[in-house]
1. Based on this model, can you work out whether residue 522 counts as at positive phi, without any contact (Cβ under 8 Å) to a residue 24 or more places away in the chain and assigned by TED's automatic domain parsing to the domain that holds residue 578?
2. Would the range 9-19 turn up any residue that is crowded, with 24+ Cβ neighbours inside 10 Å and touching a residue at least 24 places away in the same chain (Cβ under 8 Å)?
3. Is the range 50-69 home to any residue that is modelled with pLDDT of 90 or more, out of contact with any strand residue (DSSP E or B) (no Cβ under 8 Å at 6 or more places or on another chain), in a helix (DSSP H, G or I) and surrounded by fewer than 17 Cβ atoms within 10 Å (Cβ to Cβ)?
4. What do you reckon, is residue 501 within 30 Å of residue 401 (Cα to Cα) and touching a strand residue (DSSP E or B) at 6+ places or on another chain (Cβ under 8 Å)?
5. If I filter the range 264-281 for residues that are in a strand (DSSP E or B), under 29 Å from residue 39 (Cβ atoms) and modelled with pLDDT under 90, do I get at least one hit?
6. Among 161, 147, 177, 115, which is over 21 Å from residue 423 (Cβ atoms) and modelled with pLDDT under 90?
7. So, in the range 80-102, exactly how many residues are under 24 Å from residue 164 (Cβ atoms) and touching a residue at least 12 places away in the same chain (Cβ under 8 Å)?
8. When you check residue 389 against the structure, is it crowded, with 19+ Cβ neighbours inside 10 Å and not in a helix (DSSP H, G or I), yes or no?
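The values are calculated or read from the model by the stated rules, or taken from the named source; none is laboratory data. In this text the structure is predicted, and so the values were computed from the model without any measurement. Virtual Cβ from ideal backbone geometry, glycine too; neighbours counted across all protein chains shown.
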């Protein structure tokens with residue numbers, strides 16, 4: 001059946017029985033591809049029937065389906081002519097794991113961060129009204145996104161606009177980690193109302209007993225049921241915001257989903273459809289442990305066991321170090337934004353539950369809450385992925401740095417991240433943190449230095465950020481640090497009279513490899529670990545720069561505004577005239593692939609570094 005689907009319009013030729021068969025085939029395809037390529041499994045398995053119903057009722061790409069985040073877009077990709085590309089999911093040249101506008105006309109909005117869909121959809125609605133167009137706009141939002149404040153800003157604005165749009169709330173009780181907060185409890189109450197469920201079963205049994213009930217009568221009785229439902233389930237929260245609330249709806253009943261979506265399409269007001277789905281549906285291990293199968297590496301379908309070697313996750317190492325420190329320091333607490341598992345803070349939560357806070361997908365709130373705790377004498381550590389911390393820039397600047405509060409940011413997934421691609425690359429943090437007054441910015445080159453920097457942060461009475469990649473293995477075998485790590489001090493690893501390379505974080509071992517290659521070309525290149533991007537070790541920088549023929553900076557960050565520009569600022573201020581190469585991530589969004597492929601595409605592999613430095617050094621030698 002799936003092979004016959006070239007585009008969504010093909011679905012309209014199918015009956016409900018055939019759609020159910022197609023749902024099973026879609027699940028099999030998703031399981032097989034994700035087991036081979038890795039990706040987001042649980043949420044996508046729960047979205048199959050809802051995606052089929054959406055494409056059955058609406059006419060994409062003319063109608064706009066806006067998927068929040070994209071953890072639920074795999075069935076959508078398979079139904080929109082991308083089956084071949086999907087089989088190379090998250091690999092270079094294959095389908096992205098998220099909606100991507102340049103990939104398909106059916107992806108009307110690129111998204112990788114949560115809580116954006118309703119705002120984007122409302123923007124499309126307003127464009128439709130201004131341009132006198134006629135198409136439907138549907139925002140598909142996971143319940144986890146509703147822990148983010150941006151959703152309520154959009155709901156409030158959309159509700160008062162009283163214009164035609166649909167929000168489909170996919171409620172599976174999960175985001176990445178388990179949902180937290182009052183909104184989650186509210187939705188749970190809607191799902192679990194005994195009186196409503198009993199009433200619903202009674203109406204359905206009654207309808208089934210009436211012989212020859214035609215669709216008009218059945219539709220009338222369903223509308224009556226939904227009207228009476230409000231006596232049992234309080235959906236007034238969304239209605240207060242200006243939306244007509246429909247639900248809760250069984251998200252795996254294709255026939256009923258189609259009927260509800262068709263009815264909502266006829267409305268000329270904002271409608272919110274509350275759909276309840278089972279995360280991981282159709283694959284037993286994912287149903288039982290949806291959090292463990294949210295984002296997975298390749299695995300064996302039969303057993304659910306991962307095929308890849310398990311890596312030492314830097315987040316877990318950081319959390320273990322933090323937990324040990326908290327044993328003897330009651331001031332230490334940990335904060336995350338719906339990422340307790342991803343950041344490794346589950347380790348801290350188990351040891352110190354009373355000092356662990358998961359605030360949901362609300363990075364801005366997480367940062368300012370931590371600032372409030374620090375203002376009262378606590379020592380909060382905020383663990384968030386680099387790409388998501390971007391959302392809290394103003395809170396870092398105004399609430400933490402302006403108040404010079406000792407909040408420490410543990411920035412996971414820093415640098416190039418591989419398969420998650422453009423929306424998740426952590427390559428802007430050095431730029432946006434370096435410019436902030438009072439902020440200390442550090443990057444360890446290996447696991448040992450990561451632990452030492454976290455230990456040092458305990459003594460620092462100022463805002464501090466420590467950034468690191470996902471896997472400890474990605475940072476190289478490690479080079480033993482000589483002596484203790486001191487605030488603002490770099491470490492000279494090797495001297496070189498021709499070229500001096502100042503490297504940050506994961507670039508340090510690559511710089512050492514490049515130096516060895518350069519030595520084979522008779523170029524003496526030295527390497528310094530510039531582990532503090534701010535404050536810089538200006539004494540070492542100036543001393544080494546004055547004796548070198550070429551200075552090279554290496555960072556796994558955007559060149560614009562990054563570490564290299566900081567070095568140039570110091571050299572210009574001090575009047576040091578020396579050629580400088582600033583090597584980092586180029587000024588473009590880096591597509592999904594392996595980390596090694598992304599490093600090569602950015603000119604940051606050891607061989608590429610050596611080649612680029614050699615060319616520049618030879619050019620300087622000729623000019624001399």
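1. yes
2. If we filter the range 9-19 for residues that are crowded, with 24+ Cβ neighbours inside 10 Å, which is where we start, we get none.
Looking for residues that are crowded, with 24+ Cβ neighbours inside 10 Å and touching a residue at least 24 places away in the same chain (Cβ under 8 Å), one finds none in the range 9-19, hence no.
3. No; the residues of the range 50-69 include none that is modelled with pLDDT of 90 or more, out of contact with any strand residue (DSSP E or B) (no Cβ under 8 Å at 6 or more places or on another chain), in a helix (DSSP H, G or I) and surrounded by fewer than 17 Cβ atoms within 10 Å (Cβ to Cβ).
4. Values: within 30 Å of residue 401 (Cα to Cα): no; touching a strand residue (DSSP E or B) at 6+ places or on another chain (Cβ under 8 Å): yes.
Considered against the rule, which asks whether it is within 30 Å of residue 401 (Cα to Cα) and touching a strand residue (DSSP E or B) at 6+ places or on another chain (Cβ under 8 Å), residue 501 comes out as no.
5. Quick first cut of the range 264-281, residues in a strand (DSSP E or B) only: 270-276.
From the residues that got through so far, the ones that are under 29 Å from residue 39 (Cβ atoms) too are 272-276.
Next, from what is left, pick out any that are modelled with pLDDT under 90: none.
No, there is no match, as no residue in the range 264-281 is in a strand (DSSP E or B), under 29 Å from residue 39 (Cβ atoms) and modelled with pLDDT under 90.
6. Working: 147 fails: over 21 Å from residue 423 (Cβ atoms); 177 fails: over 21 Å from residue 423 (Cβ atoms); 115 fails: over 21 Å from residue 423 (Cβ atoms).
Answer to the check: 161.
7. Applying the first criterion (under 24 Å from residue 164 (Cβ atoms)) to the range 80-102 yields 80, 99, 101.
Subsequent filtering for residues that are touching a residue at least 12 places away in the same chain (Cβ under 8 Å) retains 80, 99.
Of the residues in that region, 2 qualify.
8. Values: crowded, with 19+ Cβ neighbours inside 10 Å: yes; not in a helix (DSSP H, G or I): no.
No.
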